[in-house]
Amino acid sequence: MDIRHLDYFVTVADCPSFTEAARQLQVTQSAVSYQIAELERRLEMKLFIRDRHAIRLTRAGEILRDEGRRLLRDMEETLARARLADQGELGTLRVGFLGSMERVMGATMRRFRQKHPQVDLQVEHHHMQGLEEALTRGTVDLALTVAVGLDLPEDYEMRTLFPDQAVAVLSAEHPLADREHLTLSDLREEPLILMTADSGQRARRWLMERFRRAGVEPRVSKETPSFENLLFLVETGQGVTILSRHIIQFYSHYQIRAVDLDGQDMDCRAVAIWKKALENPAAALFLAELEPTGT
């Protein structure tokens, strides 16, 4: 017995005649009669008692009708859920963030959850290296990061979320903090505080390349795996660092100053990265909520 046989049977069972069932099913009466006869043959049981004036269900037919209704409802619900999953409206979406981008993406996440409440949106915070590894392994569907030194494989795509520039970050009391602009050469003698290399080797290489182009040998004095500790070290005058201007605005409670850097390409725009062959349709819905503000 297949779903079509069951659908025909339940329709006939709920109608006063084969003629009315044929009308509802939009087929001929002979087609209905054939399907019911074929079903009885396959099941090797009689489902209807027929006479000149009406049809009645046998006891077996009554049981099959009641259970058949339930099975058809379950099938409709299952197909509806499958369609939602195919459209990305049901299931799980895993988005990986650089930890420092949490506040930037908060509005997008709230908007997505409001529009797509049946998607389980799971957010994972990573440092840069861990985020790239998670995307490669497929443990996240989307990665939200910065495009510093980014060399994407051919099977990846990228969308700009917003433009951004790397700036010098100094203690508010630093002698250079009141300058409108600085160059990397101005930081030649300054102790440089960085995130540890294993937190983001790509960003480290990108920054060292810009110092090299400026003819500067940076004095790396401290390293930390913690973004908040990095800002604390700068705030307390233990050195300077280079960070995203957009991110710094969310840490105004630190007594620090961000100063533009001239003379080098300091583009560090925020981007979303994903594999071209997106297997999770919910990822496309999330991407639709990421409103790019520049390229």
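The values are calculated or read from the model by the stated rules, or taken from the named source; none is laboratory data. Computed from a predicted structure; not experimentally measured. Cβ placement follows ideal geometry from the backbone for every residue including glycine, while neighbour counts extend to all protein chains displayed. Quick note on the areas: whole protein, heavy atoms, side chains included, nothing else; ligands and nucleic acids left out. Shrake-Rupley method; radii C 1.70, N 1.55, O 1.52, S 1.80 Å.
Report, in cubic angstrom per residue, the convex hull volume of the C-alpha atoms of segment 73-117.
Numbers: hull volume 3.2 nm³, N = 45.
It is 71 Å³ per residue.
Working from the pairwise distances between different alpha carbons, so that the mean of 1/r is found and then inverted, what is the chain's Kirkwood radius in Å? All intermediate terms of the calculation are to be shown ahead of the outcome.
Numbers: mean 1/r = 0.0417 Å⁻¹.
For the chain, the Kirkwood estimate is 24.0 Å.
Taking 0.36 nm per residue of sequence separation and subtracting the Cα-Cα distance, how much length would be gained by fully extending the chain between residue 83 and residue 179, in nm to one decimal?
Values: separation 96, 0.36 × 96 = 34.56 nm, distance 5.80 nm.
Stretched fully, the residue 83-residue 179 segment lengthens by 28.8 nm.
Going 7 Å from the Cα of residue 133 in the Cα-to-Cβ direction, what parts of segment 245-282 have a backbone nitrogen less than 15 Å from that spot?
Under cut-off, by backbone N: nothing.
I'd like the trypsin sites (Lys or Arg not before Pro) in segment 210-295 restricted to DSSP loop residues with at most 16 other Cβ atoms within 10 Å, sorted by number. Intermediate values should be presented prior to the final figure.
Working: sites: 210, 212, 213, 219, 222, 245, 257, 269, 275, 276; in loops: 269, 276.
Within segment 210-295, the qualifying trypsin sites (Lys or Arg not before Pro) (loop, at most 16 other Cβ atoms within 10 Å) are 276.
Leaving out ligands and nucleic acids, and using a 1.4 Å probe, what accessible area per residue does the chain come to in Å²?
Working: 16020 Å² over 295 residues.
Computed with neighbouring chains in place, this is 54 Å² per residue.
In nanometres, what is the gap between the two model label sites at residue 114 and residue 264, each 7 Å from Cα along Cα-to-Cβ?
Between residue 114 and residue 264, the label points sit 4.1 nm apart.
Over the Cα atoms of segment 1-142, what Rg and Dmax result, in angstrom?
25.8, 79
Using the Cα centre as the reference, give the magnitude of the dipole from point charges on the C-beta atoms of segment 89-243 (Lys, Arg: +1; Asp, Glu: -1; all else neutral), rounded to the nearest 20 debye. Before the final figure, lay out each step's value.
Working: 18 positive and 24 negative charges, 38 e Å.
With only Lys, Arg, Asp and Glu charged at Cβ, the dipole is about 180 debye.
Provide Rg over Rh for segment 45-113; use the alpha carbon set for both Rg and the Kirkwood Rh (inverse mean inverse pair distance). List each step's numbers first, then the result.
On the way: Rg = 24.9 Å, Rh = 16.9 Å.
Using only Cα positions, Rg/Rh for segment 45-113 is 1.47.
Using just the helices of the chain, give the 222 nm mean residue ellipticity in deg cm²/dmol: DSSP H runs with n ≥ 4 each add -39,500 (n - 2.57), and the total is spread over all residues, rounded to 500. Walk me through the numbers before you get to the answer.
Values: 10 runs with 117 residues, N = 295.
Rounded to the nearest 500, it is -12000 deg cm²/dmol.
What distance in nm lies between label points placed 7 Å from Cα along the C-beta direction at residue 26 and residue 154?
Spacing of the two 7 Å Cα→Cβ label points: 4.7 nm.
P(r) of segment 1-72 in 10 Å steps, Cα pairs, percent per bin?
In whole percents, the pair-distance histogram is 21, 61, 17, 0.
Calculate the radius of gyration of the Cα atoms of segment 84-197 to one decimal place, then report Dmax, the largest Cα-Cα distance, as a whole number, both in Å.
Taking only Cα atoms of segment 84-197, I get Rg and Dmax of 18.6, 59 Å.
Where does the Debye-calculated log10 I(q)/I(0) of segment 166-219 sit at q = 0.19 Å⁻¹, using only Cα point scatterers of equal weight, no solvent?
Treating every Cα as an identical point scatterer, log10 I(q)/I(0) equals -0.72.
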